[in-house]
Each structure stands twice: as C-alpha cells, then as structure tokens.
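Just below is one structure, and these are the notes that go with it.
The values are calculated or read from the model by the stated rules, or taken from the named source; none is laboratory data. Note that the structure is a prediction, hence the values are computed from the model and not measured. Every residue, glycine as well, gets a Cβ built from its backbone with ideal geometry; the counts of neighbours run over all protein chains shown. Note: areas computed on protein heavy atoms with side chains; ligands, DNA, RNA excluded. Shrake-Rupley method; radii C 1.70, N 1.55, O 1.52, S 1.80 Å.
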Amino acid sequence: MRASFIFSEVLTGLRRNVTMTIAMILTTAISLGLFGSGLLVVQMAGKTQQIFLGRVEVQIFLTDDISTSDPGCEGEICKSLRTELEDTPSVVSVEYLNRDDAVKDATERVFKDQPELAALVSPDSFPASFKVKLSDPERFGVINENFGTRPGVESVLTQRELVVRLFCLLHGVR
C-alpha cells in the first residue's frame, strides 16, 4: 500500500465528517483541561494543608492573679507550668507572653489594619499566656486535657474547630 493513498483517504473522511472531527477535538481539549485543573486543585489543597499545619498553635491563658503578680514567669505556678509544657513530648516550643507582650502581639497580628482599635488596647485587656507550638498539630487535645484544669490556668484556646472545618473543606476539594 502506498502512503499517499492512505493519507488521501484520511483527509477525505475528515472532510466529509467535519462536525464529528470538531466535536472530537473539543471533547479532548475540555477533558484535558478539566484533568489538569483537577490536578492543580489537589496539589494546592495539599500545600495549603501543610502551610496551615505549620502555623497551628495552642494558647494557654493564665489567671488574673498570676498575670498581675508574675510578669516574668518566675513564680512557682508559672514556672512549673512552663517546665511541664516544655517536657510534654508533642510540644516543640513554648513562648511566655506577659501582659505587655500580649498587647504588642495583638496590635501586630490582630489590630494591624485597625489602628483605632489598637489605640484602645491596654495591658489590662489581655492576661499573660503561653503560646505552645506542637510537633503534630492534630494532637492539640492533649494540651487541653493535661493543662486545662491546672491551678493558674484560666482557659486554653485551641484552633480545633477551625482546623477540623479546614481539613473537611480540603478533603472535600480533593
């Protein structure tokens, strides 16, 4: 068989079925576009989860009497809490924030775009606290269980609901 004969027959068939040829090309292009965008969305969801997990932290707020009387965390209760937090296996780092540090942190992170509200914040607005970074952010319940009812602890702020909602959303996207 000659190649020119086969080539001419293919061209004749494509010319006779122009509509089918265009439909086939469009279907293939749309399928490849959807496949590629799906891969991008899955990759983006995975990267977002990794970035967010690196930033999850637990904050332990201390009672008002410790916040007022022990700004350097040198008292027995505060020091023992810090030591036990640092000795907990899933804890990577512990940062103590006295009232002044808490105000500075809030004005830099929370009120950075709202200088009017930042001007109203005073050291009495925030208690002293520990910021705890975990090696496995999904285990923040351990901190709440072990330290939530300790003397000197007012409350434990976890980002549990936000993390659960975000992971459900990211798994749904995948």
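List of remarks:
- Listed conditions (1) part of a helix (DSSP H, G or I); (2) open to solvent by 100 Å² or more (accessible area, probe 1.4 Å); (3) modelled with pLDDT under 80 are all met by Q43, apart from (3).
- Residues located in segment 124-141, provided they are open to solvent by 30 Å² or more (accessible area, probe 1.4 Å) and either closer than 22 Å to G72 by Cβ or modelled with pLDDT of 75 or more (or both): D124, S125, F126, P127, K133, S135
- The condition of being more than 16 Å from V153 (Cβ to Cβ) and either open to solvent by 80 Å² or more (accessible area, probe 1.4 Å) or touching a residue at least 40 places away in the same chain (Cβ under 8 Å) (or both) holds for E9.
- Extreme residue, nearest to F147 (Cα to Cα), among residues of segment 80-110 that are charged (D, E, K, R) and touching an Asp or Glu at 6+ places or on another chain (Cβ under 9 Å): E95
- The condition (being in contact with a Ser or Thr (Cβ under 8 Å, 6 or more places away or on another chain), over 30 Å from H171 (Cβ atoms) and of a type outside the set (S, T, Y)) is satisfied by just one residue among L11, L26, L62: L62.
- From the list V121, V103, V56, the lone residue that is open to solvent by less than 80 Å² (accessible area, probe 1.4 Å), modelled with pLDDT under 80, within 17 Å of T158 (Cα to Cα) and among the hydrophobic types (A, V, I, L, M, F, W, C) is V56.
- Condition met for V110 (within 21 Å of S67 (Cα to Cα), at pLDDT below 70 and touching a helix residue (DSSP H, G or I) at 6+ places or on another chain (Cβ under 9 Å)): yes
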